[in-house]
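FYI, it's all coordinate maths here, none of it is from the lab. Because the structure is predicted, anything quoted here is derived from the model rather than measured. A quick note on method: Cβ atoms are made from the backbone with ideal geometry, for glycine too, and the neighbour counts reach across all protein chains shown.
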Amino acid sequence: MKHTPPIKTRFNIQHITSRITWCLCVLLWLMCDTRTALAVQTHGAPEGLYAHQIAHFAFLIAMVYIWLRSRHRAGEGWRLIRLSFVFFAVWNLNTLIAHAVAANLDPANFQGYIGPFPRYFVAHSFMDIYFFFGKMDHFLCIPAVLCLGLGLKQMRRTVSKGTDSDHVY
């Protein structure tokens, strides 16, 4: 009886399994780590805030301009790409307002501290509530990035098929 060698595959299953196990262990370790994330970017007063606000304003104007310029595009993916422009514009407008509100907040609204950062926020007015919900800007930014990516993916698929997609030109 003739012995047949094992079929060589492109992927080594043991290598992939050990790599996945290692990644899951690192992810679990990072999730269980109790140190502070320090994910807050501060700007030196007042120049840093001014430059930051100007950048948001410029990005807002760019998104509105591109949305207006692309309104007659009808090819694959353009609907999602244009929707991403709307999400980015609303995100920038929200962020402009939230930064302005944050600059005028009463420090007494932040009670208790975890290291140098406030433990929780107590809202006393509409502006305080806007600040709280305005900080949840990822609900606008993530759909914007997702729509942009999916629109570009649809556009790429159309181009690879060889059909005309009313390209960027």
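Packing order of peptides 77-87, 130-140, highest average first: 77-87, 130-140 (average count of other Cβ atoms within 10 Å over each peptide's residues).
Relative contact order for the stretch 44-161: 35 percent, from Cα pairs under 8 Å spaced at least 6 residues apart, divided by residue count.
Of the peptides 60-70, 25-35, the order by per-residue mean of other Cβ atoms within 10 Å, starting with the highest, comes out as 60-70, 25-35. The Cβ shell under 12 Å around Val86 holds other residues with a net charge of +3, Lys and Arg each +1, Asp and Glu each -1. Using R0 = 30 Å, the C-beta based FRET efficiency linking Trp22 and Val159 works out to 0.20.
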